[in-house]
Amino acid sequence: MPTRPLVGVIACRREVEGHPAHMVTDKYLTALREYGLEPVVLPVWETVEGADIKPLLARLDGLVLTGSYTNVVPQRYGAEREPENTRDDRSRDAAALAWVPVALDLRLPLLGICRGFQELNVAFGGSLHQAVQKVPGRLDHREPDGDRETQYAPCHDLEILPGGRLAALYPERHARVNSLHQQGIARLGEGLTAEAVAPDGLIEAISVTDAPAFTLAVQWHPEWRPREHPLYDALFTAFAGACAQRQARPEHSPA
């Protein structure tokens, strides 16, 4: 029986019952399993910066940078902290920003979601709005009050920009997506391409312009019941296909 492609999923570092812990929300792992992938949780430490993590990532068939309740510390993109920005995870910052260039060097399929989308932008020298709802002309992109069904329900339109990598995966020009974020892209990182925008012009999907492998990141949460939403399904199907192709390469070596 063939083995599933092995996908590394970045952890968040939290305190659980008084102890430091590494954790990933179940919805990401469940979605990856649903699309035929084998997720493995990757712990994070600040000391990962400067360490040789290439041998570890080279053993994987894909990498996922998940969403989180924490934010990239603003010093990472040369900004002062705003009052609304209250939750950090410096260990995850260190890991994500160290792993992105290595993953790209290895041509490892990479999927970023929410915080992962923002991490990819910062890794390429971009900056973030720390409170999008305060920016003139922008919508309030935070999740609505209510239960999980309400919070993850599609709530705003998405325009998929023509000629891009996301457009190649999904035949429609428009879709509706959920929105559960306070931060967003202010300045797009050099070497990234905007793939989709919200009605207020906020960038909602990006790709690495010259990356030969699947490298897409989105601001919404496609891991929430992806089979029920054609765009979410297309995104996970394409990522899973890229991971399967990666697995089929001898010794996972770059082409």
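Values quoted throughout were computed directly from the atomic coordinates according to the rules given, and no laboratory measurement underlies them. Quick caveat, the model's predicted, so the values are computed rather than measured. Virtual Cβ from ideal backbone geometry, glycine too; neighbours counted across all protein chains shown.
One residue stands out in the stretch 173-188 among those that are assigned to a strand (DSSP E or B) and in contact with a helix residue (DSSP H, G or I) (Cβ under 9 Å, 6 or more places away or on another chain): the one that is surrounded by the most Cβ atoms within 10 Å (Cβ to Cβ), namely 184. Of all residues in the stretch 69-87, those that are within 29 Å of residue 235 (Cα to Cα) and in a loop (DSSP other than H, G, I, E, B) total 5. Restricting 160, 206 to residues that are touching a Ser or Thr at 6+ places or on another chain (Cβ under 8 Å), β-branched (Val, Ile, Thr) and crowded, with 17+ Cβ neighbours inside 10 Å narrows the list to 206.
Six or more apart or on different chains, Cβ under 6 Å: which pairs go from a residue in the stretch 1-15 that's closer than 17 Å to residue 238 by Cα to one that's small (Gly, Ala, Ser) and surrounded by 20 or more Cβ atoms within 10 Å (Cβ to Cβ)? Could you list them? Final answer for the pair search is 7/62. Checking 235, 192 one by one, the residue that is of a type in the set (A, V, I, L, M), buried (at least 22 other Cβ atoms within 10 Å of the Cβ) and within 25 Å of residue 73 (Cα to Cα) is 192 and no other. Restricting the first member to the stretch 141-157 and to residues that are in contact (Cβ under 8 Å) with a residue 12 or more places away in the chain, and the second to residues that are surrounded by 15 or more Cβ atoms within 10 Å (Cβ to Cβ) and assigned to a helix (DSSP H, G or I), the beta-carbon pairs closer than 8 Å and six or more apart or on different chains are 141/132; 143/151.
Among the residues of the stretch 115-157, those identified as in contact with a strand residue (DSSP E or B) (Cβ under 8 Å, 6 or more places away or on another chain) and under 29 Å from residue 245 (Cα atoms) are 115, 116, 117, 118, 119, 120, 121, 122, 124.
Inside the stretch 63-87, residues that are more than 21 Å from residue 112 (Cβ to Cβ) and surrounded by 18 or more Cβ atoms within 10 Å (Cβ to Cβ) make up a count of 0. For the stretch 46-68, the tally of residues that are within 17 Å of residue 12 (Cα to Cα), in a loop (DSSP other than H, G, I, E, B) and touching a strand residue (DSSP E or B) at 6+ places or on another chain (Cβ under 8 Å) stands at 3.
Picking from residues in the stretch 1-23 that are surrounded by fewer than 20 Cβ atoms within 10 Å (Cβ to Cβ) and of a type in the set (Val, Ile, Thr), the one that is nearest to residue 70 (Cα to Cα) is 16. A residue that is closer than 23 Å to residue 35 by Cβ, charged (D, E, K, R), surrounded by fewer than 23 Cβ atoms within 10 Å (Cβ to Cβ) and within 17 Å of the chain's Cα centre (by Cα) occurs somewhere in the stretch 101-122.
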